[in-house]
Amino acid sequence: MFGNAIILALREIRRNVLRSTLTILGIVIGVGAVITMVTIGEGATAQVQQDIQKLGSNLLQVFRGQGFGGGGGARSSAPPFSMEDVNAIKNEVAGVRAVAPTIGTGTQAIYGNSNWSTQVQGTDDQYISVRDWPLASGRNFSESELRAGAAVCILGATVQRELFGSEDPLGANVRLGKLSCQVIGTLTSKGQSGFGQDQDDLVVLPLRTVQRRIVGNADVNSIMVSARDGVSTEKVQADLESLLRERRKVRPGADPDFNVRDLKEISSAMTQTTRVLTSLLAAVAAVSLLVGGVGIMNIMLVSVTERTREIGTRLAVGAMARDVLLQFLIEAVTLAAFGGIIGIALGLSAGALATHAFHVPFVLNVGIVMLSFAFSAAVGIIFGYFPARRAAQLDPIEALRHE
Amino acid sequence: MTGMPSAPTPIIDLSQVTKIYGHGAGEVRALRGIDLRINAGEFIAVMGPSGSGKSTCMNVLGCLDTPTGGTYKFLGVPVGNMSPDQRALLRRNYLGFVFQGFNLLSRTTALENVELPLVYRHVPKEQRRALARKALQEVGLGGRETHVPSQLSGGQQQRVAIARAIVTQPQVLFADEPTGNLDTATSVEIMKLLTSLNEQRGITIAMVTHEPDIAGWTRRIVRFRDGYIESDQINEPVREL
Ligand SMILES: Nc1ncnc2c1ncn2[C@@H]1O[C@H](COP(=O)(O)OP(=O)(O)OP(=O)(O)O)[C@@H](O)[C@H]1O
Ligand SMILES: [Mg+2]
């Protein structure tokens, strides 16, 4: 009986090429769209999470001025930090792993005939530790270089590439504005930040070198603090704030003239954004799924009359209701499986292409694959099977008279 | 009652069968109390004006339709008490039916249409093919096996429908105007076929026809009028040679 039903079902599928194709198409559209969209969304989310990892873990950044980004008028009027502040943080805040003062400015880097506009970052030997950023070659700053404000520098990967190409930069002299300094190390590549900035486009120098020989003051613009693993950054942030309020003599209750940013906050904001994006894509996908479902439904309902008569004929020549139903069920399941497999293959290929094009990782969400497949298959089976079940319960002559 | 020779159980026994379509003012009384007994081996023609209830009666006899009232006994068993599956088995194993409107599966070859009842009888594929071919040859359609209904004339479709009904060698064959679309020569061929099925194989046949010439081939003529049986007469079959 089962073998017969399979033969009859496959015969019907082959015989009604258009109907079968449209049904499969409906499922393919639904499943394919959902998988593509969700793959893109998940890829973007994964990308953001990778970016967050790249920023360095447990990183807090202290800026002067108020508000997000530390820009605006408040910044210029707020007093800069000093090395005493840096040392106080090191000594007085619990749970701190490393502290690095920084001062940044734009400059022109020149080597031979190559010329590259980049950022100078004045800091100390803790910088690479704070930012979790290993050296690719060479060495970190020495105590004496830091104390003396020596003309030495560590190159970011982009600057290295632009100035030296494949040449070995170690020991070479690079001119930064009026200052000529020797390359003692290079950084590994961190790639783009979550904001789309090239993090490798920088030259790192001793803080004192930048203060004395480039900007001409003793200011520290911002301080980077990394918390020890397992220490809550919220706690460190609170301690930092109270310490700096005290040191900078901010009256209780008044707004501080500095701000402490937890990069996790930014990252969670970004994660939130991508999550919204993912939901949006999922909504679009859900609409496609629905459209595919309605398509399948239409085809099934349009063919109900013909199929009811077909069932009448089968019953009249001796089929039992269950013979007919088994055939219809196999038919619906076969079409759903076909459509589902094609849809999954197409969706995953499109997802892989899109994630490749957008430079985000390809993440497979098995749950969504299953869910979209189940939905489309259910539509196919419900609208293929249930009208058949109704027809199979009629007297043959009534099924044959169906209009 | 003792000592009375018991009459053979009729293969078909209708008593006071009625069929009413619709409800209330719009109701149509297609059958108004039919009593009809058919014994094994009979060859019957059902005649009567259009709308007199012939097709309705044949559908009831073929277990394709449920009567509104009365009882229908097949081989002494009341069909009204049977489950849908039991009626399906009855159709599968005992009955053949030729519809007035053919009811062939569209986009399905003549051969596959004729094979269909054998599929549900679980006849193996090779045997099924061979039997279906033979049935198509018997109705004069050898060589048309791969044609689908839309590629066949009305008369050819009718013959496919006949082939489908006889391919299972049913005990009883119901045919609703099996020659309605056929020319005289083909009609004669079909009547010869039915006569031989009846005489050689002992198949009981009840067929509806409007043509006295066709009815003349049978051995009993039942006339319908307005849902009643108007007359039921023995006929001496005329044989064209
Ligand atoms: N499904 C139905 N619904 C309502 N009335 C019906 C239905 N089928 C048949 N009838 C009515 O029942 C009556 C008998 O119809 P039936 O088809 O049995 O006639 P018939 O004798 O076969 O006629 P013909 O020679 O034209 O085929 C007719 O009046 C017809 O209108
Ligand atoms: Mg009729």
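The values are calculated or read from the model by the stated rules, or taken from the named source; none is laboratory data. Because the structure is predicted, anything quoted here is derived from the model rather than measured. For neighbour counting, all protein chains shown are included, and Cβ atoms are generated from backbone atoms with ideal geometry for every residue, glycine included. SASA here: full protein model, heavy atoms, side chains in, ligands and nucleic acids out. Shrake-Rupley method; radii C 1.70, N 1.55, O 1.52, S 1.80 Å.
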Residues being crowded, with 18+ Cβ neighbours inside 10 Å and within 22 Å of the chain's Cα centre (by Cα) - total across segment A:358-397 | 3
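In this structure, does A:F373 turn out to be in contact with a His (Cβ under 9 Å, 6 or more places away or on another chain), more than 14 Å from every other protein chain (Cβ to nearest Cβ) and either over 30 Å from B:A88 (Cβ atoms) or hydrophobic (A, V, I, L, M, F, W, C) (or both)?
no
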Can you tell me which residues in segment B:81-108 are open to solvent by less than 60 Å² (accessible area, probe 1.4 Å) and within 16 Å of ligand 2 (Cβ to nearest atom)?
-> B:F97, B:V98, B:F99, B:G101, B:F102, B:N103
If you check B:D226 against the conditions, is it within 14 Å of chain A (Cβ to nearest Cβ) and either within 16 Å of ligand 2 (Cβ to nearest atom) or among the aromatic types (F, W, Y) (or both)?
-> no
Residues (more than 8 Å from chain A (Cβ to nearest Cβ) and within 15 Å of the chain's Cα centre (by Cα)) located in segment B:102-130 | B:F102
At least 1 residues that are in contact with a Pro (Cβ under 7 Å, 6 or more places away or on another chain) and not basic (K, R) in each: list the strands (runs of 3 or more DSSP E) lying fully within segment A:116-182 that qualify.
-> A:152-155
Only one of (1) at the interface with another protein chain (Cβ under 8 Å from one of its Cβ atoms); (2) in contact with a helix residue (DSSP H, G or I) (Cβ under 7 Å, 6 or more places away or on another chain); (3) within 19 Å of A:D323 (Cα to Cα) is not met by B:R87, so which one is it?
-> (1)
Result of the Cβ filter at 8 Å on segment B:175-186, keeping first residues that are within 14 Å of another protein chain (Cβ to nearest Cβ) and more than 11 Å from B:V139 (Cβ to Cβ) and partners that are open to solvent by less than 40 Å² (accessible area, probe 1.4 Å) and away from ligand 1 (no atom under 16 Å from the Cβ), at least 6 apart or interchain, is B:A175/B:I162; B:A175/B:A165; B:A175/B:L194; B:A175/B:I205
Please verify whether segment B:20-43 includes one or more residues that are at pLDDT 95 or above, within 14 Å of ligand 2 (Cβ to nearest atom) and away from chain A (no Cβ under 14 Å).
-> no
Could you check B:R220 against (1) modelled with pLDDT of 95 or more; (2) within 16 Å of ligand 1 (Cβ to nearest atom); (3) more than 12 Å from the chain's Cα centre (by Cα) and say which number it fails?
-> (2)
Report yes if B:G51 is without any contact (Cβ under 8 Å) to a residue 40 or more places away in the chain, surrounded by fewer than 23 Cβ atoms within 10 Å (Cβ to Cβ), within 16 Å of ligand 2 (Cβ to nearest atom) and within 30 Å of B:E236 (Cβ to Cβ), otherwise no.
-> yes
Residue satisfying all of: in segment B:46-92; among the polar types (S, T, N, Q) and in contact with a strand residue (DSSP E or B) (Cβ under 6 Å, 6 or more places away or on another chain); farthest from ligand 1 (Cβ to nearest atom) among these | B:T71
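Could you pull out the residue among B:P78, B:P8, B:P67 that is away from ligand 2 (no atom under 16 Å from the Cβ) and surrounded by 15 or more Cβ atoms within 10 Å (Cβ to Cβ)? Talk me through it step by step, then tell me what you get.
Working: B:P78 fails: surrounded by 15 or more Cβ atoms within 10 Å (Cβ to Cβ); B:P8 fails: surrounded by 15 or more Cβ atoms within 10 Å (Cβ to Cβ).
Unique residue meeting the criteria: B:P67.
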Which ranges mark the helices (runs of 4 or more DSSP H) fully within segment A:215-334 that have 2 or more residues being under 30 Å from A:L146 (Cβ atoms)?
-> A:233-247, A:263-302
Test: A:A399 is touching a His at 6+ places or on another chain (Cβ under 8 Å) and within 14 Å of another protein chain (Cβ to nearest Cβ) = no
What is the residue count in segment A:300-326 for residues that are among the polar types (S, T, N, Q) and at the interface with chain B (Cβ under 10 Å from one of its Cβ atoms)?
-> 1
Considering segment A:326-351 alone, what residues qualify as being free of Cβ contacts under 8 Å to residues at least 60 places away in the same chain and closer than 24 Å to A:V363 by Cα?
-> A:A337, A:I341, A:A345, A:S349
B:P117 vs (1) away from ligand 2 (no atom under 16 Å from the Cβ); (2) out of contact with any Ser or Thr (no Cβ under 7 Å at 6 or more places or on another chain); (3) of a type outside the set (K, R); (4) at pLDDT 95 or above: all pass except (2)
Within segment B:159-181, of all residues that are within 16 Å of ligand 1 (Cβ to nearest atom) and not in a helix (DSSP H, G or I), the one most open to solvent (accessible area, probe 1.4 Å) is B:N181
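Residue-by-condition table, conditions (1) polar (S, T, N, Q); (2) open to solvent by 10 Å² or more (accessible area, probe 1.4 Å); (3) touching a strand residue (DSSP E or B) at 6+ places or on another chain (Cβ under 8 Å):
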| site | (1), (2), (3) |
| --- | --- |
| A:E167 | no, yes, no |
| A:D201 | no, yes, yes |
| A:L205 | no, no, yes |
| A:Q211 | yes, yes, yes |
| A:I223 | no, no, yes |
| A:G230 | no, yes, no |
Could you run through segment B:183-214 and say how many residues are within 16 Å of ligand 1 (Cβ to nearest atom) and buried (at least 22 other Cβ atoms within 10 Å of the Cβ)?
-> 5
List the pairs whose first member sits in segment A:295-314 and is within 26 Å of A:F375 (Cβ to Cβ), whose second member is in a helix (DSSP H, G or I) and polar (S, T, N, Q), and whose Cβ atoms are under 9 Å apart, counting only residues at least 6 apart or on separate chains?
-> A:G295/A:T23; A:I296/A:T23; A:I296/A:S376; A:I299/A:T23; A:M300/A:T23
What do you reckon, is B:L141 away from every other protein chain (no Cβ under 14 Å), assigned to a helix (DSSP H, G or I), aliphatic (A, V, I, L, M) and crowded, with 19+ Cβ neighbours inside 10 Å?
-> no
Check segment B:109-130 and report whether any residue there is acidic (D, E), open to solvent by less than 10 Å² (accessible area, probe 1.4 Å), in contact (Cβ under 8 Å) with a residue 24 or more places away in the chain and within 16 Å of ligand 1 (Cβ to nearest atom).
-> no
Restrict the check to segment A:265-279 and report whether at least one residue is more than 14 Å from chain B (Cβ to nearest Cβ), under 26 Å from A:G122 (Cα atoms) and open to solvent by 20 Å² or more (accessible area, probe 1.4 Å).
-> yes
